[in-house]
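Each remark here refers to the structure printed beneath this line.
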Amino acid sequence: MAILKVENLKKFFGGVKAVNGVSVEVEQGEVLGVIGPNGAGKTTFFNTICGVYNPDGGKIIFLDKEIQGLTSFQIARMGIARTFQIVKPFGDMTVLDNVISEKEKAGALSLGYIKRKSD
């Protein structure tokens with residue numbers, strides 16, 4: 001069962017179709033990559049999933065709940081967050097610790113979130 005489904009996602013900036021009809025399903029534990037040339041819409045795709053931008057069409061479903069239109073803060077608290085292109089901002093920390101520090105900043109590691117994840 002997919003934990004994340006993106007269906008016919010669209011994001012436009014004026015006449016520019018940055019993301020136009022993208023669909024993908026991500027299964028638990030699956031690792032995927034998105035590739036394409038500069039300007040292909042990769043960052044816009046992730047920003048739209050994470051709530052930085054509201055989509056102009058389509059659905060984003062995480063754990064069977066539609067999340068398009070939620071704020072990035074709300075989405076981060078649900079467990080979806082993005083990192084930026086600084087691969088390891090804290091050089092003395094592991095990759096995992098770097099990722100966790102971003103979730104903490106977004107409030108995703110609240111007591112409720114930790115409890116749900118540990119169940």
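The table below lists the values:
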| quantity | calculated |
| --- | --- |
| Every pair of residues 6+ apart whose Cβ atoms lie under 8 Å, when the first sits in segment 55-74 and is assigned by TED's automatic domain parsing to the domain that holds Val19 and modelled with pLDDT of 95 or more while the second is loosely packed, with under 13 Cβ neighbours inside 10 Å and acidic (Asp, Glu) | Lys59/Glu66; Ile60/Glu66 |
| Single match in Asn20, Asn8, Asn54, Asn47 (criterion: polar (S, T, N, Q) and part of a loop (DSSP other than H, G, I, E, B)) | Asn54 |
| Any hit, segment 107-114, residues being modelled with pLDDT of 85 or more, on the phi > 0 side of the Ramachandran plot and exposed (fewer than 14 other Cβ atoms within 10 Å of the Cβ) | no |
| Members of segment 22-64 that are surrounded by fewer than 15 Cβ atoms within 10 Å (Cβ to Cβ) and polar (S, T, N, Q) | Ser23, Gln28, Asn38, Asn54 |
| The lone exception for Val22 - which of (1) in contact with a Phe, Trp or Tyr (Cβ under 8 Å, 6 or more places away or on another chain); (2) in contact (Cβ under 8 Å) with a residue 40 or more places away in the chain it fails | (2) |
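The values are calculated or read from the model by the stated rules, or taken from the named source; none is laboratory data. Everything numeric here is computed off the predicted structure, so don't read it as measured data. Backbone-built Cβ (ideal geometry, glycine too); neighbour counts: all protein chains shown.
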